[in-house]
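Before any comments, here is the structure.
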Amino acid sequence: MTLDPPRRTFKEPEGKGSGKGRRLKDVDAVARAEKVKVIGWALFAGLPMGGMAGFAAGHVLAGLVLGPVFVFVVASVILAPVNRTASLLHMPSGSSTPRRKAYSQAEALAIRGDFEAAIALYEEAIRDVPEDGEAYLRIARIHRDHLESPEEALHWFRRATNEAELPHGQEMLARREMAELLIHRLREPRRAAPDLARLAEAHEGTSEGDWARDELARIKEEMGREE
């Protein structure tokens, strides 16, 4: 059975949860900008309104002072809930920051060749947040690419697809990586057939789905010849 050479490396999808290139916004700067905006509104709307009210009451100077103050207070009260919401969006709960730090530390260990220590950090991250699939996938790729443990890599890929909440692209890539492990590294294409069938059906019309369909057809043809 002639098979294409295995893919040696995979680029992890960038995007939500990748953490690279993203910076948290300065919430203090946002608050300061909002305060400046409110002051501008207070002067723009409060001066003429206060001037007219003061003129009518016979106290123009007092009106010019109290008008902007009144607008500032009202605008601040109205915008307070909005500012709190913005703060929550820019600095959610802090829960992702420790996880990012753990991933950075684990990645640094892996680069130095301390793969077991890197895996230990990823496993700790999984215990803290078991639904985050990134740590499962990183462990799987360490076993596949560095420790020459394809069965252990397959185990972690399966855990990622079964136990974690993978985004659409990550789930599709993980299933392809499992199939390629079985076909090219473990030389057990029959075991890959269920994953290929699932991938072809779930992602019909995509390049990954077409690849899975073609691989499945080739495996079935080879199985038929052997029988």
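Values in this text are rule-based calculations from the coordinates and carry no lab data. What you see is a predicted model; the values in this text were computed from it and never measured. Every residue, glycine among them, receives a Cβ derived from its backbone with ideal geometry; neighbour counts consider all protein chains shown.
What does the C-alpha gyration tensor say about the overall shape of the range 116-166? Classify as rounded when a/c is under 1.5, otherwise prolate if a/b is larger than b/c, or oblate. Please report the intermediate quantities before stating the final value.
Numbers: a/c = 2.57, a/b = 1.31, b/c = 1.97.
In terms of gyration-tensor shape, oblate.
About its Cα centre, what dipole magnitude does the range 167-212 give when the only charges are +1 on Lys and Arg Cβ and -1 on Asp and Glu Cβ, stated in debye to the nearest 20? Before the final figure, lay out each step's value.
Details: 7 positive and 9 negative charges, 59 e Å.
Roughly 280 debye for the range 167-212.
With +1 on the Cβ of every Lys and Arg and -1 on the Cβ of every Asp and Glu, and nothing else charged, how large is the dipole of the range 96-226 about its Cα centre, in debye rounded to the nearest 20? Mind dumping the intermediate values first?
Details: 21 positive and 29 negative charges, 25 e Å.
It works out to roughly 120 debye.
What residues from the range 133-150 fall in the zone where the backbone N is under 18 Å from a label point 7 Å along the Cα-to-C-beta line of SER104?
Only 135 fall inside the zone, counting backbone N under 18 Å.
Pull out a ≥ b ≥ c, the square roots of the eigenvalues of the alpha-carbon gyration tensor of the range 96-226, then state rounded if a/c is under 1.5, prolate if not and a/b is larger than b/c, and oblate in the remaining case.
Numbers: a/c = 2.95, a/b = 1.80, b/c = 1.63.
Prolate.
Counting other Cβ atoms within 10 Å, keep those with at most 15, restrict to DSSP loop, and tell me which trypsin sites (Lys or Arg not before Pro) in the range 125-221 are left. Before the final figure, lay out the partial values.
Values: sites: ARG127, ARG138, ARG141, ARG144, ARG158, ARG159, ARG175, ARG176, ARG185, ARG187, ARG190, ARG191, ARG198, ARG213, ARG218, LYS220; in loops: ARG187.
Filter output for the range 125-221: ARG187.
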